[in-house]
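Only one structure is covered here, and it is reproduced in the block below.
The values are calculated or read from the model by the stated rules, or taken from the named source; none is laboratory data. As the structure is a prediction and not an experimental result, all values here were calculated from the model. Reconstructed Cβ throughout: ideal geometry from the backbone, glycine too, with neighbour counts over all protein chains shown. Please note that ligands, DNA and RNA were not included when accessible areas were found on the heavy atoms of the full protein model with its side chains. Shrake-Rupley method; radii C 1.70, N 1.55, O 1.52, S 1.80 Å.
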Amino acid sequence: MRDTIEEHAKRLKLSWIREHYHEVITGTHEEFLLTLFEKEIQQREERKLNLLISQSCLPDISGRQLDWQGIHMNGDITKEDILSGVFIERKENLILYGGVGVGKTLMASIAGWNSVQENWKRVRFYTVAQLVNSLLEANEKGTLGKFYKQIESLDLLILDELGYVPLHKQGAELLFQVINLCYEKRSVIVTTNLQFGQWNHVFGDPILTEAFIDRLIHYSHLIVFNRDSFRHKESLMNQ
């Protein structure tokens, strides 16, 4: 009997029930079935969440909190909108602009983690250099279409450190295609230390730069970090 139950549970892909049903003790048949179903659902949800976390490649920000002082937002978005992921539901973008070490990546990561853990959104974090290298590699292997489908499956794409590394022509064109895929369909967070007028230094082509900016800013909120580097402050405190 036990072997038959386990075989049926296996065929139905009820892994928790197959392994633990004999451990459940309740007063009625209904309570027994309810407990089995609840445990099975709980395990599936935990597996799904762990997979979303693994696929997101978000930085580990355990124990870190964002100081919101000196961060300026336009009137159409609030701190709560960012933390709750409302901007993702609206398919809006965030452009986080400021100097090095002011907390741009931390804000992007917090928004990403909240979206995964609280709203079960599909998130992927890249530095711009990482994404471009992955695009070039996929293009060389002939798997670019598959890579683009992975982008299309996302709810939020985070592009960190735009402006740190100039892009070659092909890399810039492939990155533009990613933004084109996201346009009006999914949210993007970009962190950058460059003003829009300086983005041509990254793309090397004024027409491509203009097209990239045009698609990115259409449904975007500019968030300016007008403060000193927290890394610099911490290093001074440790002297």
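When Glu137 is evaluated against the numbered criteria (1) charged (D, E, K, R); (2) on the phi > 0 side of the Ramachandran plot; (3) exposed (fewer than 15 other Cβ atoms within 10 Å of the Cβ), which criterion, by number, is the only one it fails?
(2)
Just for helices (runs of 4 or more DSSP H) wholly inside region 122-239: which have at least 3 residues that are within 30 Å of Glu80 (Cα to Cα)?
Helices (runs of 4 or more DSSP H) meeting the threshold: 128-141, 144-152, 169-182, 206-217, 230-237.
If I filter region 1-9 for residues that are over 30 Å from Val224 (Cβ atoms), among the acidic types (Asp, Glu), exposed (fewer than 13 other Cβ atoms within 10 Å of the Cβ) and at pLDDT below 75, do I get at least one hit?
Looking through region 1-9, at least one residue is over 30 Å from Val224 (Cβ atoms), among the acidic types (Asp, Glu), exposed (fewer than 13 other Cβ atoms within 10 Å of the Cβ) and at pLDDT below 75.
Check off (1) β-branched (Val, Ile, Thr); (2) open to solvent by 40 Å² or more (accessible area, probe 1.4 Å); (3) out of contact with any helix residue (DSSP H, G or I) (no Cβ under 7 Å at 6 or more places or on another chain) for Thr127 and give me the number that stays unchecked.
(2)
Just wondering, is there one or more residues in region 73-84 that are closer than 30 Å to Thr191 by Cα, modelled with pLDDT of 95 or more and open to solvent by 90 Å² or more (accessible area, probe 1.4 Å)?
Yes, because at least one residue in region 73-84 is closer than 30 Å to Thr191 by Cα, modelled with pLDDT of 95 or more and open to solvent by 90 Å² or more (accessible area, probe 1.4 Å).
When you look at Leu33, is it of a type in the set (A, V, I, L, M) and under 24 Å from Ser187 (Cβ atoms), yes or no?
No.
Name every residue in region 38-72 that is open to solvent by 80 Å² or more (accessible area, probe 1.4 Å), of a type in the set (S, T, N, Q) and over 26 Å from Glu152 (Cα atoms), in order of residue number.
Selection gives Gln42, Ser62, Gln65, Gln69.
Answer yes if at least one residue in region 91-101 is open to solvent by 10 Å² or more (accessible area, probe 1.4 Å), in contact with a Ser or Thr (Cβ under 9 Å, 6 or more places away or on another chain) and β-branched (Val, Ile, Thr), and no otherwise.
Within region 91-101, one or more residues are open to solvent by 10 Å² or more (accessible area, probe 1.4 Å), in contact with a Ser or Thr (Cβ under 9 Å, 6 or more places away or on another chain) and β-branched (Val, Ile, Thr).
Considering only region 145-199, state which residues are free of Cβ contacts under 8 Å to residues at least 24 places away in the same chain and either open to solvent by less than 70 Å² (accessible area, probe 1.4 Å) or among the acidic types (Asp, Glu) (or both).
Of everything in region 145-199, those that are free of Cβ contacts under 8 Å to residues at least 24 places away in the same chain and either open to solvent by less than 70 Å² (accessible area, probe 1.4 Å) or among the acidic types (Asp, Glu) (or both) turn out to be Gly145, Phe147.
Mind checking which residues of region 93-116 are among the β-branched types (Val, Ile, Thr) and part of a strand (DSSP E or B)?
Ile95
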